[in-house]
Amino acid sequence: MPTKTSHSTDPSTARAIIETPLGLMYLEFSAKGLRNLTFMGEEAHSHNTAMESTRETEPLAKGVPQQWHDRVAQAVKDYFEGKPGAFEGLPLDLQGSPFYLRVWQELRKIPLGETVSYQELARRVGNPQASRAVGQACGKNPIPLIVPCHRVIAANGTLGGFSSGLSRKRWFLEHEQANVKDWNRNLRQKRKGWV
């Protein structure tokens, strides 16, 4: 999966673009980690420049933003190739209200290949009456896929919404369902030291 990078207009971030089977994925990194992930059209960012250090990232060890980019790019590549997800441990810079942060933390606990309703997610964050607020938090999730808001569906089983488009949400869910048995088997083998 080739990557492109572009200069940031925000002096506190570094940006990169990854090509995926579902279109270009735009990444924005701060000094703390991945801050934003969005899908975009090819015409939106056509620069092909090196990953740049910016004011906020300059004090970090040389290459840290590139290392973060490389880790995210590899995890995304593995995901699209049907390999076990490696999104745990990625450096993330999630910014939001305390409620949004709780929802996003809970989203990361939903296993691959499984879904929960907005209502169930509201219950899990300790506010069973807040399913609409949970939906808003999912819609404001700055790092979809890695913070898997696509695994949240309506109580009646319909998809609900998704900031990256319902066709991508459907694709992610079908992809995970098709690969979950292999992922789980590989993860168990890895934990036992067989792989």
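The values are calculated or read from the model by the stated rules, or taken from the named source; none is laboratory data. Everything numeric here is computed off the predicted structure, so don't read it as measured data. We place every Cβ from the backbone using ideal geometry, glycine too, and count neighbours over all the protein chains shown. Surface accessibility is based on the protein's heavy atoms, side chains included, excluding ligands, DNA and RNA. Shrake-Rupley method; radii C 1.70, N 1.55, O 1.52, S 1.80 Å.
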Counted residues, the stretch 138-161 - those being open to solvent by 30 Å² or more (accessible area, probe 1.4 Å) and part of a loop (DSSP other than H, G, I, E, B): 8
Failed item in (1) touching a residue at least 40 places away in the same chain (Cβ under 8 Å); (2) open to solvent by 60 Å² or more (accessible area, probe 1.4 Å), with R123 passing the rest: (1)
Some residue of the stretch 73-94 being over 12 Å from the mean Cα position of the chain (by Cα) and under 30 Å from P128 (Cβ atoms): no
Conditions (1) farther than 28 Å from D78 by Cα; (2) out of contact with any Pro (no Cβ under 9 Å at 6 or more places or on another chain); number of the one not met by T158: (1)
Top-ranked residue of the stretch 64-111 - restricted to ones that are among the hydroxyl-bearing types (S, T, Y) and assigned to a helix (DSSP H, G or I), ranked as least open to solvent (accessible area, probe 1.4 Å): Y79
Restricting the stretch 1-18 to residues that are surrounded by fewer than 16 Cβ atoms within 10 Å (Cβ to Cβ) and under 21 Å from L90 (Cα atoms), the residue that is modelled with the highest pLDDT: S12
